[in-house]
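Engineer: What follows is a structure written as structure tokens; I'll ask about it next.
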Amino acid sequence: MKAPSFLALLAASLLFVGPVQAHGDEKHGEETSAAPAAANGDAHDQAAMAQMGDGGAVGEPSAGHDEASGGHDEAGGHAEEGETGVMAVLKKLHPATIHFPIALFLMAAATELFVMRRKGAGLESAVRVLVYGGAIGAVVAVLFGWIHTGLWFGGDAVMQVHRWNGMLIAVLGVAMAYLASRQSQSRTWLRVSIFSMAALVLIQGFLGGELAHGPNHLGISWL
């Protein structure tokens, strides 16, 4: 074989083999790059699925909580729907009835202080009327308090003290009305009961505020 022919054949072989090898490397490169891409895609899909699984796992308690809340609201709605008419109105009258005994008993205490400072002013009858009105109002407020809660003896310490302190106010109010009705030279027991009642009424008002507006409703740091 002549040298030029041999060189031409060698050049043609090199030109043919070069593109084939380059094409093979290109495919291998694509397969190599596709493998990490597929791996990354699988990892991304797995991460997304794991995130969705975590979200589902986290979402289930939330959904359960929402369902529980909805069920509680629905139960409350049924309870409210069941309490219609006169009973529904009576259950809401307790807050409206507590203001009268509070005002009347505190005014009775203030008037009795005036009687103590100015003897012979003739205000004993005014104290008597205030005590009568406060006693009647206390009994009415306690009655509507029990209508409001029903025969329920539960609750925390604030509720327990509020409940039984209200009962004590009503009983003491009736006793005060009896003492005020007696024509006696000494007003010692009546005054002791009046000023004790003023303290109990203030405590009761504070406890009612705690129940209605939450703990430390006055915003005092030491409470």
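Engineer: Hey, fewest Cβ within 10 Å first, where do ILE147, ILE194 land in order?
Structural biologist: Arranged by neighbour count, lowest to highest, ILE147, ILE194 become ILE147, ILE194.
Engineer: Apply 1/(1 + (r/R0)^6) to the Cβ-Cβ distance of LEU168 and LEU123, taking R0 = 25 Å, and write down the FRET efficiency to the nearest 0.05.
Structural biologist: For R0 = 25 Å, the calculated efficiency reads 0.40.
Engineer: Let me ask something else about it. Run the numbers for SER186 and VAL86: contour at 0.36 nm per residue of separation, minus the present Cα-Cα distance, in nm.
Structural biologist: 31.4 nm
Engineer: What is the distance, in nm, between label points placed 7 Å from the Cα along the Cα-to-Cβ direction at ASP156 and at HIS217?
Structural biologist: With each label placed 7 Å out from Cα toward Cβ, I get 1.3 nm.
Engineer: Also, I was wondering about something else. Taking +1 at the Cβ of each Lys and Arg and -1 at the Cβ of each Asp and Glu, which of GLY134, ILE147, ILE98 sits farthest along the dipole of region 86-213 towards its positive end, judged by Cα position relative to the Cα centre?
Structural biologist: GLY134
Bear in mind these aren't lab numbers, they're just calculated from the coordinates by the rules spelled out. What you see is a predicted model, and the numbers here were worked out from it, not measured in a lab. Backbone-built Cβ (ideal geometry, glycine too); neighbour counts: all protein chains shown.
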